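First up is the structure itself, then whatever we jot down about it.
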Protein chains: 2
Amino acid sequence: MSRIGVLVSGRGSNLQALIDAQAAGQLGGRIVVVISNHAGVLALERAAQAGIPTVVLERQAFASRQAQHLAIAETLSAHGVDLVVLAGFDRILHPEVVRRFQHRILNIHPSLLPAFAGSLHAQADALAYGVKITGCTVHLVTEEVDAGPIVLQAAVPVFDDDTVERLSERILAEEHRILPEAVRLLAEGRLRLEGRRVQIDRSAAPA
Amino acid sequence: MSRIGVLVSGRGSNLQALIDAQAAGQLGGRIVVVISNHAGVLALERAAQAGIPTVVLERQAFASRQAQHLAIAETLSAHGVDLVVLAGFDRILHPEVVRRFQHRILNIHPSLLPAFAGSLHAQADALAYGVKITGCTVHLVTEEVDAGPIVLQAAVPVFDDDTVERLSERILAEEHRILPEAVRLLAEGRLRLEGRRVQIDRSAAPA
């Protein structure tokens, strides 16, 4: 059974999707710690309500971003975490942390990567660019931002009268669907890397 | 009724989709000339079989690419063309031609732009990158390659056991669907540019 650590920064709606999937026995693992880089965010409340230990590690408590992120890694290790989920974490994870959990960190990005990679407002960018289809991507985190191997994607149509808010909401609904699914696939050992392609074993779950 | 000119270079399967749409009364215009930059290609046979005049303008017959492309523009104008379709045309259209038919040239690209823009083998690139969703895009041609306003897009799933051939074939089926539809929308005056977003008027066809 995978021990899952979730990194959050804000509202935590993707965290909630993970908590709900776990409650339904659909996560393939157990969330053992939620770490936030901001105090007082809703994500921490959601974790607490689900009985999950929370840790706050704010930037200003550390001499450097690296020191902060190494503390995050230490906290994950101390909780025996073997699978990390970035669920709206608003910073680029330090390369040392990425290396420490190589191919064990999932991130969700609100576009069909490689389109709008690296953007912190990918939904607004997609709308301004005028694409007719956008979506979201769950990928393994590597040292290059938003460029790791892709696990799952979902397409979302853009409507002529869309606002950033409405489009973001429709994308978010798909995020809540594919993020728990990707966590389960990784937790159950169903992902195999071939170069940068992720092959998925969808055979029946092990007994 | 729009007078449509189609530029081809090879097999002409997208040209065939346009010919079929015209025969079904679904193109919103009439193809009045097919121009190829290569002699002897299947696209020319398809045009001839449909009774459409064909013109071959090969690079070696001209002093420069610019001279060749201006001859293409002259040929389009001589046939009274007001809407140009690049249907597998394998060269970047000279900026002077683009300016001459501003917002009247459609191109189809086998990816969900802006992903894999500028690629001459976007299907292979998508497969190698490991995306789970790709597709095709019909866009207005501007001077910047593959960066013009997007008219229509279609999403196509990538399967774990896909080859470039199988994926290309599935994308092509969608190209054959959205290219004639985009031509009709442009021919019927149903596209409106807002910045670089294309708004589509889908109200009932004018009487």
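The charge dipole of region A:51-207, taken about its Cα centre with unit charges on the Cβ of Lys, Arg, Asp and Glu (plus for the first two, minus for the last two), comes to roughly 480 debye. Each Lys or Arg adds one and each Asp or Glu subtracts one; over the other residues with Cβ under 12 Å from the Cβ of A:GLY135, this totals +2. When you filter the chymotrypsin sites (Phe, Trp or Tyr not before Pro) in region B:99-207 for DSSP loop state and at most 16 other Cβ atoms inside 10 Å of their Cβ, you are left with B:PHE159.
On the protein heavy atoms, probe 1.4 angstrom, tell me the percent of accessible surface of region B:2-200 carried by carbon and sulfur. The computed percentage sits at 51. The gain in end-to-end length when the B:ALA23 to B:HIS38 segment is fully stretched comes to 2.8 nm, 0.36 nm per residue minus the alpha carbon separation. Projecting the Cα atoms of B:ALA117, B:LEU152, B:TYR129 onto the charge dipole of region B:97-185, computed from C-beta unit charges around the Cα centre, puts B:LEU152 farthest toward the positive end. In a Gaussian network model over chain A where Cα atoms closer than 10 Å are linked, find which of A:THR163, A:THR75, A:THR142 has the largest mean-square fluctuation. Looking only at A:THR163, A:THR75, A:THR142, the largest GNM fluctuation is found for A:THR163.
Between B and A, roughly 2300 Å² of accessible area is buried in total, ligands, DNA and RNA not counted and the probe set to 1.4 Å. Rolling a 1.4 Å probe over the protein heavy atoms gives region B:93-207 an accessible area of 43 Å² per residue.
Taking chain B as a Gaussian network of alpha-carbon nodes connected by springs under 10 Å, the highest mean-square fluctuation of the residues B:GLY40, B:GLY29, B:GLY195 belongs to B:GLY195. Using the Cβ of A:ARG3 as centre and a radius below 13 Å, the other residues enclosed give a net charge of +1, where K and R count +1 and D and E count -1.
Distance between the pseudo-spin-label points of B:GLU165 and B:ARG99 (7 Å out from Cα toward the beta carbon): 4.5 nm. B:VAL164 label point (Cα plus 7 Å toward Cβ) to equivalent points in the other copies: 3.9 nm, shortest first.
Comparing mean-square fluctuations of A:HIS79, A:HIS69, A:HIS139 from a GNM of chain A with C-alpha springs under 10 Å, the top value falls on A:HIS79. Across region B:141-175, the residues whose backbone nitrogen lies under 15 Å from the label position 7 Å along the beta-carbon direction of B:ILE200 are B:149-156, B:174-175. For a test of the definition: using alpha carbon positions, the gyration tensor, and the 1.5 limit on a/c, classify chain A as rounded, prolate or oblate. Rounded, since a/c falls under 1.5. Shielding by partners for peptide B:124-133, expressed as the average number of C-beta atoms from other protein chains within 10 Å of each residue's C-beta, is 6. Each Cα pair under 8 Å and six or more residues apart adds its sequence gap; the mean of these over the residue count of chain A is a relative contact order of 20 percent. Distance between the C-alpha centers of region B:32-58 and region A:129-207? Whole Å please. Distance between centres, Cα-based: 43 Å. Inter-chain neighbour count for A:113-120: the average number of beta-carbon atoms from partner chains within 10 Å of each residue's beta-carbon is 3.
Note on chain A: helix-only mean residue ellipticity at 222 nm, from DSSP H runs of 4+ residues weighted -39500 (n - 2.57) and normalised by residue number, equals -10500 deg cm²/dmol. Qualifying GluC sites (Glu not before Pro) in region B:142-187, where qualification requires a DSSP coil assignment and no more than 15 other C-beta atoms within 10 Å, comprise B:GLU143, B:GLU144. Residue by residue along A:176-185, Cβ atoms of other protein chains within 10 Å of the local Cβ number 0 on average.
Counting DSSP beta bridges in the protein assembly as shown, what percent are antiparallel, to the nearest 5?
45
The values are calculated or read from the model by the stated rules, or taken from the named source; none is laboratory data. Computed from a predicted model, the values in this text were never measured in an experiment. Positions of Cβ are backbone-derived with ideal geometry, glycine not excepted, and every protein chain shown enters the neighbour counts. Surface accessibility is based on the protein's heavy atoms, side chains included, excluding ligands, DNA and RNA. Shrake-Rupley method; radii C 1.70, N 1.55, O 1.52, S 1.80 Å.
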